[in-house]
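A short write-up of the structure that comes next.
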Amino acid sequence: MIIKREYITRVRKKSFLIMSLLTPLLLALIMIVPLWLATRDAPAREILVSDKSGFFEGKLVGDGTVEYDFYDQPIEILKEIAFSTGKYGVLDIPDVDIDDPKGITLITEHSASIEVKMKIEDQLKRILEDHKLEISGIDREKLDNIKTSVYIGTSVINDKGQVQSTHTEVAYIIGYLGSFLIYILIFAYGVQTMRGVIEEKTSRIVEVIISSVKPYQLMAGKIIGIGAVGLTQFLIWAFLTFSIYSIAGLLLDFDQMQQMNQGGAMQNTAMNAADTEMIKSVMEKIDSINFGLIIGVFLFYFIAAYLFYGSLFAAIGSAVDTETDAQQFQLPVTLPLIFSIVVLAAILRDPNSSLAIWLSIIPFTSPAVMMMRLPFIANEISWDLYLSMGVLVLSIIVTTWVAAKIYRIGILSYGTKPSYKLLFKWIFAKN
Amino acid sequence: MEHILQTASITKNFGDFRALDDVSISIEKGKIFGLLGPNGAGKTTLIRIITKIYAADSGKVFFNGKELTEDHVLKIGYLPEERGLYKKMKVGEQLIYLGRIKGMPLDHVKERLKYWFQKFDIMDWWNKKIDELSKGMQQKIQFIASVIHQPSLIILDEPFTGFDPINANIIKKEILQLKEDGATIIFSTHRMESVEELCDNIALINKSKKILDGAKQQIKEDHKENIFEIEHRGDLNGLNGFVHVLNTKTIHDDLYQTTLQSATQISHNDLLRLLIDKVEIMSFAEKLPSINDIFISRVGGIRE
C-alpha cells in the first residue's frame, strides 16, 4: 500500500514523464542531429575564382557542395557580380609561389563557414601536393601504400585456455556508462527518498501513519516505492533509447553513410584499412560481450546500491527537520559515492589492480567501481564479483537495520538538531 | 463494568527524563474518557504508547482484556495534536490511502468516505489538494481520517484547536454521535470546558504521574466543599456555627443571592430546614466544583 502510493504519486507527476521521455530524446538528438546535418544535401555553394597564378584552373573542380567558376575579371568586379547574383563568395588567388602559397583569400558576404573554408583548403592542398609529387617523380598510389597504420587487437586467455578477443575501447565505454548511470540514478533517487521522509516529517502526517503501520514498514515502503520509480525510469530510458536508435537507423539512409565512408576512404585509404579492422574488431567485441550478464549485474547493483544508499538517505531524512540541516549528514554518505566516480580513471588504468579489487568490494564504492570493471572481467566471472555482491547484500542488511533504528526515533523528534553522538545513541537505543 | 483499554503501571523514560511514571488507567467501553493534564505532563507519550508508536519501558497495555498487538492498533483511530496530511495529495486519494493502510478494503473506504463527505457537505473537495484548503477544512479532513475505519477506540488529542465555534460544535456533535454508535473515545486536552461537557470519566496526569481518576461526577463529589448557592427574600442572619456566609449579593430590592459553606455533617435537608426558618427560599442548589477548579487546585497544589 505504501509502496503503491510512493510509486504512483511520483510516476504520475508530470516531471517524471518529461524526464523519462525527454532524456533519451535529447541523448538521441545529440547523437543524431550532427549525423543528419552532415549527410543532408546542402545546395552547392558557387564560388567565383580569380586565379592570377593560372595554376589552379582546370584542377580545382567542384564536387557538388562547392562549385567553382573561373573568371579573368579584376577582383573588384567579381565581388560585385558575386554579391549581386547571390553567389557564395569570391576566391582570390594571387600569383602565388607554388612551394609556399600565401595570400589566398576567400571573400564572402557573411563570414565563411568553416566547412567551406576547410573544403577549399583541402582541395588546394591536394592540388599542390599532387604537383609536388609529380615533380619529385613519386606516384601518389605508392605514397598511399607507404603510409602505414597499426592496430593492436587485444585478447585474453580464459581459464579454459581459449583465447578471447577483448576490446579495450568498447569495455571502457560500457563500463563508464554503467557506473555513471548507477551514480546518477542512486544520487537522484536517494535524495528523493530523503526528501520524501523530510516531507512526511515536517507535514507531521507521519504520526497518523505510524499509528497504523510500523515505522519500519513505512520506511521500507518508501524506499522500495521510490526505487521502483527509479527502475521504471531506467527501463523507459533503455527502451526509448533503443527504439529511437532503431528508428533513426532506418530513417537515415544507410547508403548515404556508406558513401560518406567511401568519401573518407578515397582520401586516406591506408588509415581506412586500420579503421576497418578496428570497426570489425569492435563489432566482434560487441557481439562477444555478454550483454545479458552486464545488464543483469547492472540491475543487481542498481537495486542493491539503491537499497544501501536509500536507507542511509532515509535515516538522514528522519533525523533532521529541514533539508538544510540534512546537508551536514549527507556529506559523509555522498562522499564515497563521489569518490568512486573520481577514482574511475585510476580503475580504468588497471582494472585488475588491488585498489580496483578492494574498491569493488567495499560496499560504499562497489556498485560504481564494479560496473566499471565488469566489461573487463566479464569473460570470466571471478570470485571478486561474487564477493562484492555478497558484501553488498550483507551491508544492505546492516544499513537498513541501522537506518530503521534512527528512523524510528528520528521521525518523531522535532526541534533538536541531532549530533552524530545522538544518532549513535539512537542506533543502540532499545526502543 | 467493561473496559476497552487498560494500561498497567506504564513507565517510559527518554534518556534521563521520566515521561511516564507508573501510570495505570482503565477506559470504560462506550464512554468518553478525558485524559487531562498540563502541557508536558506526558499525555501524548501515553497516547503514543497506546497506539504502539512507542514501546513502554515497563508495564503493559491491554485491549479488550488482551495484551495490545498490531491488530488492535488497527481498531484505534488517532487524531494527533500535531496535525498533518500530504500537502500535494488530493483529498479523496489521501483519505482512501489512510483508510487502506488501516486495512480497509477499497469499496468500504469509498462507502465510508461518501458518508462523511455528505455529512460534512464537502463533496466538491474530493479533487482538491490539501494545500488548497483552509486550516479548518484540513482539520475536518483529518478528523475524517481518524474515524474513517470505524474504530472502536478513538483517540482525539486536542480535537477542537483550529476550529471556529460553529465547526467545533459540528465536531462535538459528531463525537457524541460516535459515542452513541458504540465507540469509546479518549479525549486528551487541557481545555476544561469541553471536558465538562463531554466526558464521563477522567484521569488527570501531572508531571508524569497519574494524580486522579474516576467518573467525572464522582470526582466532583469527592472534591466538593459543601458550598451552596441560594436565592432568598429577606436578610439572612443568625446562622449557627456550622454554616457561614461566604458572599451575599442583592439581585433586586430584597431579593438576595447568598453563597454558603456548611460543615460536612449537615445533610441538605437539615441545612434547608435551618434556612427556611430564617428567610423565604426562592432557590437552593449545591455548587459542585468545576473540573477547571479541581484541575487548578490539584495541579497547582503539587507545583507549590
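Report the antiparallel proportion of the DSSP beta bridges in region A:45-146 as a percent, rounded to a multiple of 5. Working shown, then result.
Values: 4 of 15 bridges.
Around 25 percent antiparallel, to the nearest 5.
Placing +1 on the Cβ of each Lys and Arg and -1 on the Cβ of each Asp and Glu in chain B, which of B:THR51, B:PHE160, B:ASN237 has its Cα farthest towards the positive end of the resulting dipole?
Farthest towards the positive pole: B:THR51.
Long-range amide H contacts for B:LYS29: which residues qualify at under 5 Å (H placed 1.01 Å from N, peptide plane, sequence gap of 5 or more or a different chain)?
Counting only residues 5 or more places away or on other chains, the set is B:GLU2, B:HIS3, B:ILE4.
With a ≥ b ≥ c taken as the square roots of the eigenvalues of the C-alpha gyration tensor of region B:202-270, please select rounded if a/c is under 1.5 and otherwise prolate if a/b is larger than b/c or oblate if it is not?
Details: a/c = 3.26, a/b = 2.30, b/c = 1.42.
It is prolate, given that a/c is not under 1.5 and a/b is the larger ratio.
Between region A:52-90 and region B:226-304, how far is it from one alpha carbon centroid to the other, in angstrom?
What the calculation gives is 124 Å, centre to centre.
Evaluate the charge dipole of region A:45-146 about its Cα centre and quote only its size in Debye, nearest 20, assuming +1 on the Cβ of each Lys and Arg and -1 on the Cβ of each Asp and Glu. Could you put the intermediate results ahead of the total?
Working: 13 positive and 24 negative charges, 42 e Å.
The calculation lands at about 200 debye.
Tell me, what ³J(HN,Hα) does each residue in region A:227-234 have, in order and in whole Hz, if you take phi through Karplus 6.51 cos²θ - 1.76 cosθ + 1.60 with θ = phi - 60° and put x for Gly and Pro?
x, 5, 4, x, 5, 4, 4, 4
Once amide H atoms are placed 1.01 Å from N in the peptide plane, what residues at a sequence separation of 5 or more from B:PHE14, or on another chain, have their amide H within under 5 Å of its amide H?
Those qualifying (amide H under 5 Å, at least 5 residues apart or on another chain) are B:ALA19.
Tell me, what is the per residue accessible area of region B:265-304 in Å², probe radius 1.4 Å? Numbers along the way, then the final one.
Values: 2630 Å² over 40 residues.
Per-residue accessible area for region B:265-304 comes out at 66 Å².
Before we go on, tell me the buried accessible area for the A/B pair, both chains summed, 1.4 Å probe, in Å² to the nearest 100.
Values: alone 24660 and 15680 Å², together 37960 Å².
Counting both chains, the buried surface is close to 2400 Å².
I'd like to check one number: the per residue accessible area of region B:1-159, probe 1.4 Å, reported in Å² as a whole number.
Numbers: 6560 Å² over 159 residues.
Value returned for region B:1-159: 41 Å² of accessible area per residue.
Across the Cα atoms of chain B, what radius of gyration and what greatest pairwise Cα-Cα distance (Dmax) are found, in Å?
For chain B, the Cα-based Rg and Dmax read 23.9, 75 Å.
Compute a Gaussian network model of chain B, connecting alpha carbons closer than 10 Å, and tell me which residue from B:GLY238, B:GLY30, B:GLY103 fluctuates the most.
Judging by the Gaussian network model, the answer is B:GLY238.
Can you list the residues of region A:211-230 that have at least 50 square angstrom less accessible area with all protein chains present than in their chain by itself, probe 1.4 Å?
Listed by number, the residues meeting the 50 Å² cut-off are A:SER211, A:SER212.
Mean-square fluctuation check for chain B, GNM, Cα pairs under 10 Å: which of B:ILE230, B:ILE291, B:ILE27 is largest?
Of B:ILE230, B:ILE291, B:ILE27, the most mobile in the Gaussian network model is B:ILE230.
Using only Cα atoms, locate the centre of region B:1-16 and the centre of region B:98-147, then give the distance between them in Å, rounded to an integer.
31 Å
What is region A:45-146 by shape, rounded, prolate or oblate, if you read a ≥ b ≥ c off the alpha carbon gyration tensor as root eigenvalues and call it rounded for a/c under 1.5, prolate for a/b larger than b/c, and oblate otherwise?
On the way: a/c = 2.48, a/b = 1.80, b/c = 1.37.
Prolate is the answer for region A:45-146, as a/c is 1.5 or above and a/b outweighs b/c.
Treating cross-link reach as a plain straight distance, find the lysines whose alpha-carbon is under 30 Å from the alpha-carbon of A:LYS117, omitting any fewer than eight places away in the same chain.
Qualifying lysines at Cα under 30 Å: A:LYS52, A:LYS59, A:LYS79, A:LYS87, A:LYS102, A:LYS125, A:LYS132, A:LYS142, A:LYS147.
Quick one: pull the percent of accessible area on region B:102-224 belonging to carbon and sulfur, 1.4 Å probe, ligands and nucleic acids left out. Write down the numbers at each step before the final one.
Details: 2670 of 5630 Å².
Whole-percent figure for carbon plus sulfur exposure: 47.
For region A:45-146, what's the relative contact order in percent, using C-alpha pairs closer than 8 Å and at least 6 residues apart?
Contact order relative to length: 26 percent.
Name the trypsin sites (Lys or Arg not before Pro) in region B:3-36 that are in a loop by DSSP and that have at most 16 other C-beta atoms within 10 Å, would you? Show your work: numbers first, answer last.
Details: sites: B:LYS12, B:ARG18, B:LYS29, B:LYS31; in loops: B:LYS29, B:LYS31.
Taking region B:3-36 and a limit of 16 other Cβ atoms within 10 Å, the loop trypsin sites (Lys or Arg not before Pro) found are B:LYS29.
Using Cα-Cα distances under 8 Å and only pairs 6 or more residues apart, what relative contact order does chain B have, in percent? Mind showing how you got there, number by number?
Details: 510 pairs, mean separation 62.6, N = 304.
That works out to 21 percent.
Using a loss threshold of 30 Å², tell me which positions in region B:56-87 are less accessible in the complex than in their chain alone. Probe radius 1.4 Å, ligands and nucleic acids ignored.
Buried by 30 Å² or more upon assembly, which counts only protein chains, are B:GLU70, B:TYR78, B:PRO80, B:GLU82, B:GLY84, B:TYR86, B:LYS87.
For B:TYR78, what accessible surface area do you get with a 1.4 Å probe? Give it in Å², rounded to 10.
10 Å²
Calculate, for region A:45-146, the solvent-accessible area per residue in square angstrom, rolling a 1.4 angstrom probe over the heavy atoms of the protein chains. Walk me through the numbers on the way to the answer.
Working: 6330 Å² over 102 residues.
Per-residue value: 62 Å².
The values are calculated or read from the model by the stated rules, or taken from the named source; none is laboratory data. Keep in mind it's a predicted model, so treat the numbers as computed, not measured. Glycine gets a Cβ as well: all are built from the backbone with ideal geometry, and neighbour counts include every protein chain shown. SASA here: full protein model, heavy atoms, side chains in, ligands and nucleic acids out. Shrake-Rupley method; radii C 1.70, N 1.55, O 1.52, S 1.80 Å.
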